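Quick notes on the structure that follows.
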Amino acid sequence: MPRPNPAQLACGSATVILSALVMLLVTQTRSGTGVTVVATAALALGLLVAVTVPVRRPADRSRPAAGSVPAQRGPARTGTGDAGSGQRVPQPSLRR
C-alpha cells in the first residue's frame with residue numbers, strides 16, 4: 001500500500017475530528033462505551049476518506065499531448081505496403 005500524501009492525511013484527520021464531534025453532539029452520549037464506539041466509527045470514516053481521496057499523479061512525460069503528432073523514431077520502413085505502390089502502410093503500435 002502506498003504511503004499517503006499530506007493532502008490525504010489532512011483530509012482524513014479533519015474527517016476524524018469533525019465526524020467525532022458531530023456524532024458526539026447528535027448522540028449526546030456520556031458513557032465510556034458510547035464514546036469508544038463514536039471514536040472508532042470516526043477513525044474508520046477518516047481512514048476511508050484518506051484512502052479514497054484522489055491523488056494527483058505527475059504528468060507522464062513519455063506520452064504526447066492530445067492532438068499532437070508524435071515524432072517518428074528510426075528510419076521509415078519500406079516495402080510494408082503494396083508491392084508496387086511505394087506507400088507506407090501504418091502499423092498498429094504496441095505502446096500505450
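The values are calculated or read from the model by the stated rules, or taken from the named source; none is laboratory data. Because the structure is a prediction, the values reported are computed rather than measured. Backbone-built Cβ (ideal geometry, glycine too); neighbour counts: all protein chains shown. Calculation scope for accessible area: heavy atoms of the full protein, side chains included, ligands and nucleic acids excluded. Shrake-Rupley method; radii C 1.70, N 1.55, O 1.52, S 1.80 Å.
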Nitroxide proxy distance, nm - points 7 Å out along Cα→Cβ at THR29 and ARG95: 5.7 nm
Distant-in-sequence amide H partners of VAL53 (H built 1.01 Å from N, under 5 Å): none
Accessible-area value, THR33, 1.4 Å probe, nucleic acids and ligands omitted, Å²: 100 Å²
Heavy-atom accessible area order for LEU48, LEU24, largest first, 1.4 Å probe: LEU48, LEU24
Cα-based convex hull volume of segment 1-45 per residue, rounded to whole Å³: 64 Å³
